[in-house]
Amino acid sequence: PELTGTILEGGTRASIIQLLQDSERPVVETSIVLAELLEQIRSGEVTEVFACGTAAVITPVGRLAGQGFDQTVADGAPGPVTRALYEQLTDIQYGRAADPYGWMYRLA
């Protein structure tokens with residue numbers, strides 16, 4: 001989603017956007033309307049959903065449920081883009097892959 005004051009600008013979010021852009025995936029920052037998202041999941045237009053943050057890194061969302069709705073995302077399992085992003089980002093974080101962005105630096 002777009003930054004609104006409720007969605008915080010953060011390093012993990014910015015890193016994910018950078019990785020997506022560098023893999024030539026379109027990135028659109030906009031408001032997310034729940035009813036529209038649910039319809040896009042039902043129609044198959046949206047096949048993956050994840051949340052991100054400093055502690056969570058990337059957390060797949062396999063199901064959205066609330067009062068009046070209960071919608072599984074695709075087959076409920078993490079999708080290929082979600083898995084690839086998680087692996088790419090954590091590989092950089094743990095030094096298993098090169099850091100071409102200069103995100104990592106030695107503290108001691």
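All of the numbers you see were taken from the coordinates with simple rules; none came from a lab. All figures in this text were calculated on a predicted structure; none of them were measured in a lab. When we count neighbours, we look across all protein chains shown, and the Cβ atoms used for this are built from the backbone with ideal geometry, even at glycine.
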Cα centre as origin, Lys/Arg/Asp/Glu Cβ charges: the chain dipole, Debye: 360 debye
Which value in deg cm²/dmol, rounded to the nearest 500, describes the helix-derived mean residue ellipticity at 222 nm for the chain, given -39,500 (n - 2.57) per DSSP H run of n ≥ 4 and division by the residue count? -10500 deg cm²/dmol
Dimensions (Å) - the chain, Cα atoms, principal axes, largest first: 52, 30, 26
Non-local amide H neighbours of E48 (under 5 Å, H modeled in plane, Pro and chain starts lacking H): which ones? none
Take the Cα of Y94, step 7 Å along the line toward its Cβ, and report every residue of region 30-61 whose backbone nitrogen sits under 16 Å from that point. 55-59
The Kirkwood hydrodynamic radius of region 69-108, taken as the inverse of the mean 1/r over all distinct Cα pairs, in Å, comes to 12.4 Å
Pairing the Cα long axis of helix 80-93 with the longest principal axis of the chain, what angle in degrees results, from 0 to 90 and rounded to the nearest 10? 20 degrees
Relative to the longest principal axis of the chain, what angle (0 to 90°, nearest 10) does the C-alpha long axis of helix 11-22 take? 90 degrees
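Given Cα positions, please report Rg to Rh for region 1-57, the hydrodynamic radius being the Kirkwood one. List each step's numbers first, then the result.
Values: Rg = 12.4 Å, Rh = 12.7 Å.
Answer for region 1-57: 0.98.
Mind ranking 67-80, 95-108 by how tightly packed they are, going by the mean number of other C-beta atoms within 10 angstrom, highest first?
67-80, 95-108
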